[in-house]
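Each remark here refers to the structure printed beneath this line.
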Amino acid sequence: MKAVIYGAGNIGRGFIGEIFFKSGYDLCFIDVANDIIDALNRDGRYPIRILAENESKDIWIQGLSAINGSNEEEAALAIASADIMATAVGVRALPLIAPIIAAGLKKRFAHNKGPLNIIICENLMNANKILEGLIKDHLSSKDKKSFNEHIGLVEASIGRMVPLQTVEMQDGNFLRVCVEPYVFLPVDKTAFKGEIPTITGLIPFENFDFYIKRKLFIHNMGHGICAYFGLLHGDIFIHESVRHSGILYIAQNAMMESAVALSAKYQMPLADLHHHIRDLLRRFSNMALGDTCARVAADPARKLGNSDRFIGALRFCVKENQATAFISAGCSAAIYHYLKENNIPQTCDNARKALIEVSGLNEADLFIMEKILQFHAMLAPLSQSGDFERNIDKIIEKIISTASII
């Protein structure tokens, strides 16, 4: 059996490659990073290091091949002959790989191959619909019909945390990927075409919209709050920020705000969501993983998008008539870093403009916007503070006090 993984980066190698390999598939990676492709073909294997709090172990993923994505014909042929496929390229790269996927599917249809399920491992709401549109732009009417009948675009919720790989983590082999022990992959059960394959860690769910929102509005949002407030606090690592009682309090309460809204919308037990939050915070505190605030906080413009982890969670909670104070506080920290990253003064007007331009908020979202701006006004003086560390602790206390009563 052959599994094609489009994307040989941290998630492709460090998560999807592992579960496909353990399930008996021969792996074929497609990527445009020449050094990784050359090394995979040269060695025919790579190591994954599982980092728990008090121990680590290496496992070897082997018997594999790799294709440079610039060789579109070879990549298309691999896709045409695949038994299962996954994408793990990052949201911005999906438009770049869609034409090659389409070319592979055309070859597949021409030879009357059976169904192909493509597991979409991207942090993106409605990733299946977006990728479907991108692929179909390159298909004829006849091929679109075959696509509808035989191709399953399966959304997945990527829960495993994979930090940026340092030279120390690579430990003499730049193909090594260090990861946390968590190895479960929830997927949309209803999206598969044909029989659902038996894959280690794969957990098919029917009500998958809930799991996508749980990942984005609890996991990603809470992770982001730890990162943005951690950076404000001068922390390097996520595990440092989680150990700050004030940051932990903001993150935990923001995650619970989303949990209450999710429970109300999907009639899921709140106790289960509370357990999920406790487990996430435990995983965030994994010192061995060495995950950095800078990595988790990267690309604040995308993370402040209208349906992404912060504004998306806010809008969802408002729609469900649930509290949003602590999520709003998290949004204010993300806005602070967006302005700082772009060398924009930390004023109320600039924060408001960012929420309109980056987050797509408008006059109808005045309630959401004003609450975020209220917290941003507490953070703004930090940009001119001479005693930064002492002031951020006081500001966090003020944010908690304010969020607890509004």
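The values are calculated or read from the model by the stated rules, or taken from the named source; none is laboratory data. Quantities reported herein were computed from a predicted structural model and do not represent experimental measurements. Cβ: placed from backbone, ideal geometry, glycine included. Neighbour counts: every protein chain shown.
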request  = Taking only the range 329-357 into account, find how many residues are surrounded by fewer than 16 Cβ atoms within 10 Å (Cβ to Cβ) and either within 27 Å of MET256 (Cα to Cα) or not assigned by TED's automatic domain parsing to the domain that holds MET221 (or both).
outcome  = 1
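Do we have GLU168 as at pLDDT 95 or above and of a type in the set (Asp, Glu) here?
It is false that GLU168 is at pLDDT 95 or above and of a type in the set (Asp, Glu).
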inquiry  = Looking at the range 341-390 only, could you name the residues that are farther than 19 Å from ILE250 by Cβ, in contact (Cβ under 8 Å) with a residue 40 or more places away in the chain and of a type in the set (D, E, K, R)?
reply    = GLU341, ASP365
ask   = Where residues in the range 188-223 are assigned to a loop (DSSP other than H, G, I, E, B) and among the polar types (S, T, N, Q), which of them is farthest from GLY152 (Cα to Cα)?
value = THR200
request  = Please find, within the range 228-241, the residue that is nearest to ILE327 (Cα to Cα) out of those that are in contact with an Asp or Glu (Cβ under 9 Å, 6 or more places away or on another chain) and part of a helix (DSSP H, G or I).
outcome  = PHE229
query = Could you count how many residues in the range 213-231 are crowded, with 22+ Cβ neighbours inside 10 Å, of a type in the set (A, V, I, L, M, F, W, C) and either more than 16 Å from the chain's Cα centre (by Cα) or not assigned by TED's automatic domain parsing to the domain that holds LEU270 (or both)?
reply = 1
query = Inside the range 116-149, can you point out the residues that are part of a loop (DSSP other than H, G, I, E, B), farther than 14 Å from ALA98 by Cα and at pLDDT 95 or above?
reply = CYS121, SER140
key: Boolean, THR198 is more than 18 Å from GLU122 (Cβ to Cβ), in contact (Cβ under 8 Å) with a residue 40 or more places away in the chain and in the same structural domain as ILE37 (by TED's automatic domain parsing)   = yes
key: Cβ-Cβ under 6 Å pairs, at least 6 apart or on other chains, the range 116-145 side in the same structural domain as ILE16 (by TED's automatic domain parsing) and over 18 Å from LYS193 (Cα atoms), far side at pLDDT below 95 and surrounded by fewer than 22 Cβ atoms within 10 Å (Cβ to Cβ)   = GLU122/VAL91; LEU124/VAL91; MET125/SER307
ask   = In the range 105-153, which residues are over 24 Å from the mean Cα position of the chain (by Cα) and either under 27 Å from ALA298 (Cβ atoms) or among the aromatic types (Phe, Trp, Tyr) (or both)?
value = PHE109, PHE147
message = Six or more apart or on different chains, Cβ atoms under 6 Å: show the pairs whose first residue is in the range 59-80 and among the charged types (D, E, K, R) and whose second is surrounded by 14 or more Cβ atoms within 10 Å (Cβ to Cβ).
response = GLU72/ILE100; GLU74/ILE67
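Could you name every one of the helices (runs of 4 or more DSSP H) located completely within the range 271-387 that has at least 2 residues being within 18 Å of the chain's Cα centre (by Cα), modelled with pLDDT of 95 or more and under 19 Å from PHE210 (Cα atoms)?
Of the helices (runs of 4 or more DSSP H) lying wholly inside the range 271-387, those with at least 2 residues that are within 18 Å of the chain's Cα centre (by Cα), modelled with pLDDT of 95 or more and under 19 Å from PHE210 (Cα atoms) span 311-319.
So which of ARG176, ARG160, ARG214 is touching a Pro at 6+ places or on another chain (Cβ under 6 Å) and closer than 25 Å to HIS239 by Cα? If you could, list the steps in order and put the result at the bottom.
Values: ARG160 fails: touching a Pro at 6+ places or on another chain (Cβ under 6 Å); ARG214 fails: touching a Pro at 6+ places or on another chain (Cβ under 6 Å).
Just one listed residue meets the conditions, ARG176.
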message = Going residue by residue through the range 366-381, is there one that turns out to be on the phi > 0 side of the Ramachandran plot and surrounded by fewer than 21 Cβ atoms within 10 Å (Cβ to Cβ)?
response = no
